[in-house]
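A short worksheet on the structure shown next.
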Amino acid sequence: MRALFVAVLILIIPMNTVSAADKSLQDILDPYTNSDGHINVQALEDALAKERQKKAEAIKKNSSGTAAYLRDSFTDLGFFGEDRFNLSKSKGASVSFTKDRVAHDNELNFKGVLFLSTFSDGSYGGRYTGWSIGPYIGANVDRHSARSKKDSETYIGGVAAELGTDYAGFDQFYRLSTGGVRDVVANTTSLKVKAEFFPVLRREPDNPLSCIGRPCTIPDIDLLYVLTPELFAIYGNSFENHGDAFSGERDDLRLGGQVSLLLKPAFLQKTALSRLYGRITYQWAEEVMSSKPFYNLDFSTWYNLDEDGHIALSASYTRGRDEDTAERLDKLVVGLTGKF
């Protein structure tokens, strides 16, 4: 009945009575306006039906199936569904080349993770909002031509499973990954099992906590952001006779958390920098057996070269310890990134 009432009002109100404040609405309706100033309701309904059909097909396509994702890391992957298919806000796997004329060094760097996921999103209702499972492989390679520079070459591979639930007033996202870590330079191999928990609070008016895990904005400066906290536990087991770099023993157990802040300056939307994004990630943990603290701080920014976000120019600065090898990091990387 409400839709019929609105349609009747559109039919009887001429377009020349639309105020200046409604100019944007008039611009939208202009293609469906007859010469007498009234709305062609049938044409408008046909256009709306086509738009609904397109959205339904997109939701169906992204709600279940199998997909491959190329990203910088699991932090760069996002959650289920449309969030994961949005390439623009992902940094992507990176490759860079640096020529240091002072140190007479050529440096080649590559970092990325490929995740092949079978998933289902939002098809259950109730407390379960989705799941995914699949294998992953990744690499973090830093090669130098100068002998005075230290190389690093790490490969990872395994299986990751994810589950989304809706309980106690907020969505909850879990990830369990298990696999191997191969450090070629140190000639070590280890097992790594990581359990992660992400809270995503429901959207509520005037509740700042409802921005956790969801896109929000700072109106005064027109800045979009997504704050994503997580808690995690990591168990590691070295296949070598000597201890690993985390605990000094063959086994290690780390408990900690991570906060990731994704930023998009919306005030640049109508400029050449409209495809600019940034992310700050801070991770901290303590190894239970040795009480050793570990941290990792990363600043990343990228500019998408294409509208869909498949290729980007990126720059990042990382300081702290590598999560897989405990290698000390203090480096700036500028290069190209790719994602799908």
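With respect to being more than 16 Å from THR325 (Cβ to Cβ), open to solvent by less than 20 Å² (accessible area, probe 1.4 Å) and modelled with pLDDT under 90, SER210 fits the description. The residues of the range 244-267 that are touching a Lys or Arg at 6+ places or on another chain (Cβ under 9 Å) and not in a strand (DSSP E or B), listed by number, are ASP244, ALA245, PHE246, SER247, GLY248.
Only one residue in ASP330, ASP308 is under 26 Å from LEU116 (Cβ atoms) and among the acidic types (Asp, Glu). Which one?
Exactly one residue qualifies, and that residue is ASP308.
Residues of the range 158-175 that are closer than 12 Å to PRO135 by Cα and open to solvent by 30 Å² or more (accessible area, probe 1.4 Å): VAL159, ALA161.
Please enumerate the residues belonging to the range 214-250 that are among the aliphatic types (A, V, I, L, M), touching a Gly at 6+ places or on another chain (Cβ under 9 Å) and within 16 Å of LEU191 (Cα to Cα).
Within the range 214-250, ALA233, ILE234 qualify.
If the condition is being part of a strand (DSSP E or B), open to solvent by 40 Å² or more (accessible area, probe 1.4 Å) and touching a residue at least 12 places away in the same chain (Cβ under 8 Å), then the range 274-296 contributes LEU276, ILE280, TYR282, TRP284, GLU286, TYR295.
Summed over the range 236-258, residues that are open to solvent by 60 Å² or more (accessible area, probe 1.4 Å) and at pLDDT 95 or above total 1. Filtered by the rule that a residue be modelled with pLDDT under 90, open to solvent by 70 Å² or more (accessible area, probe 1.4 Å) and under 15 Å from SER90 (Cα atoms), the range 311-340 gives LEU336, PHE340. Scanning the range 287-306 for residues that are under 23 Å from SER94 (Cβ atoms) and either in contact with a Pro (Cβ under 6 Å, 6 or more places away or on another chain) or of a type in the set (Val, Ile, Thr) (or both) turns up just one, THR301.
Which of the following residues is of a type outside the set (S, T, N, Q), part of a strand (DSSP E or B) and modelled with pLDDT of 90 or more: GLY179, GLY164?
Answer to the selection: GLY179.
The values are calculated or read from the model by the stated rules, or taken from the named source; none is laboratory data. Note that the coordinates shown come from a computational prediction; the quantities given were computed from them, not determined experimentally. Methodologically, a virtual Cβ is constructed for each residue, glycine included, from the backbone with ideal geometry; neighbour enumeration extends over all protein chains shown. Protein only, heavy atoms only, side chains kept; ligands, DNA and RNA dropped before computing areas. Shrake-Rupley method; radii C 1.70, N 1.55, O 1.52, S 1.80 Å.
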